[in-house]
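The values are calculated or read from the model by the stated rules, or taken from the named source; none is laboratory data. This one's a predicted model, so the numbers in the text were calculated from it and none came from an experiment. In this analysis, Cβ positions are derived from the backbone assuming ideal geometry, glycine residues included, and neighbour counts consider all displayed protein chains.
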Amino acid sequence: MLSRKRKLFYYKLFSLFSVVRGYNILIIVIAQYLAAKFILAPTEGFMEILLDGHLHALILASAVAIAAGYIINNFYDAEKDLINRPKKSMLDRLVSQRTKLATYFILNFISAGIASLVSFNAFLFFSAYIFGIWFYSHKMKKIPFLGNLTSATLAITPFFAVFIYYGNLNSVIFVHATFLFLLILIREFIKDLENIKGDLVQNYQTIPVMYGEQKSKALITSAATIAVLVTIFLLSHYDTGYMRYYFYGSIALLLISVLILYRSKTKSQYVLLHNILKFIIVSGVFSIPLLNIEAILDKITRVL
C-alpha cells in the first residue's frame with residue numbers, strides 16, 4: 001500500500017497536470033506535427049520529419065511555454081475559478097501558489113533555453129510569446145473583446161513557430177489558420193457566457209458582463225457566420241482531399257450550435273456548446289491527414 005506521504009505526492013502531481021492541462025498540450029503537440037507533415041511541408045517524408053531535431057525543439061519549447069501559460073493563468077484566476085469550477089479548483093489548490101509560480105518561471109526558462117538551441121530568432125519569438133501570455137493573464141483578459149482576440153491569437157501562435165521554421169507562404173495555410181482562429185474565438189466567447197457568475201463577482205469586464213447575454217450571443221452568431229463563409233471559401237478554392245467531409249460536418253455543427261445558443265440560459269447549456277466547439281477543434285486536428293490520405297495509402301501499399 002502507498003504511504004500517506006506518497007499518496008499526497010501523487011495527488012499533487014495530478015493536480016499540477018490538471019493546472020497545466022496536459023491533455024490540451026498533447027493535442028497541440030499532435031496538431032503541430034500533423035500540420036508540419038501535411039500542410040507546411042507536404043513534400044517531406046515521415047523520416048525527414050522524425051529526424052528533424054530543430055522541429056522537435058520548437059514543438060517542445062511550445063509545449064513547455066503553453067504549460068507555463070496555463071499555470072500563470074490559473075494563478076490569476078484562482079478566485080474566479082473557485083466560483084465557476086469549484087471541484088477542479090479544489091484539486092488545483094493541492095499545489096500551493098508559491099509552487100505554481102516557481103514552476104512557472106522554471107518552465108519559461110526551459111522553453112526559452114530550448115528555443116535558443118534552434119536559433120536566436122526562435123529565442124526572441126518564444127520570449128515574446130511568454131511575455132504575451134503573462135500580459136494577457138495580468139491585464140488583457142479583463143478587457144472585453146480585446147481579451148478574447150488576444151486569447152485566440154495566443155492559442156494559434158505556437159503554430160506560427162513551425163510555420164516560420166518552414167517558411168511556407170502558401171495562402172491555403174492562412175485560410176486554415178483563419179478557420180482555426182475563428183473556432184477558438186467562438187469558444188472564448190462561449191466561455192465568457194459559461195463563466196459569467198465568477199466574472200461578475202471578480203469584476204471581469206467581459207462582453208456578457210458589460211453588454212448582456214443577448215449581445216454576446218449576437219457576436220457569437222456573427223463569428224460563426226464568418227467561420228462558415230471561410231469554410232465555404234476553403235472548400236471552393238482549395239483541394240482539401242477527404243478532409244472536406246470534416247469541413248461539411250463543421251458547418252453543420254456550427255449551425256446547430258447557433259440554434260442551441262439562442263435556447264441556452266444555464267451554465268450546463270453553455271458547457272455543452274463549449275464542448276461542441278472543442279470537439280470541432282480536436283476532430284479537426286485528427287482530420288489533417290485526410291488532406292493527403294491517398295499518398296499515405298500508396299506508401300503503405302508499397303511497403304506491403
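Quick notes on this one:
- Qualifying residue in region 47-66 (condition: at pLDDT below 90 and outside any helix (DSSP H, G or I)): yes
- Residues (among the small types (Gly, Ala, Ser) and modelled with pLDDT under 70) located in region 70-93: Ser89
- Output for region 242-269, where each listed residue is among the basic types (Lys, Arg), over 20 Å from Ser222 (Cβ atoms) and not in a helix (DSSP H, G or I): Lys265
- Some residue of region 223-237 being over 21 Å from the mean Cα position of the chain (by Cα) and closer than 26 Å to Asp77 by Cα: no
- Of all residues in region 199-214 being in contact with a helix residue (DSSP H, G or I) (Cβ under 8 Å, 6 or more places away or on another chain) and farther than 15 Å from Ile143 by Cα, the one that is surrounded by the most Cβ atoms within 10 Å (Cβ to Cβ): Glu213
- Scanning region 222-241 for residues that are in a helix (DSSP H, G or I) and in contact with a Leu (Cβ under 7 Å, 6 or more places away or on another chain) yields Ala223, Ala224, Ile226, Ala227, Val228, Val230, Gly241.
- For beta carbons closer than 6 Å, sequence separation of 6+ or different chains, a first residue in region 235-256 that is assigned by TED's automatic domain parsing to the domain that holds His176 and a second that is aromatic (Phe, Trp, Tyr), the qualifying pairs are Leu235/Phe247.
- Exactly one residue out of Phe126, Phe145, Phe159, Phe174 is surrounded by fewer than 20 Cβ atoms within 10 Å (Cβ to Cβ), not assigned by TED's automatic domain parsing to the domain that holds Ile288 and not hydroxyl-bearing (Ser, Thr, Tyr), and it is Phe145.
- Within region 95-208, helices (runs of 4 or more DSSP H) holding 1 or more residues that are in contact with a Pro (Cβ under 8 Å, 6 or more places away or on another chain): 120-138, 171-194, 196-201
- Verdict on Lys217 being crowded, with 17+ Cβ neighbours inside 10 Å, in the same structural domain as Tyr270 (by TED's automatic domain parsing) and not aliphatic (A, V, I, L, M): yes
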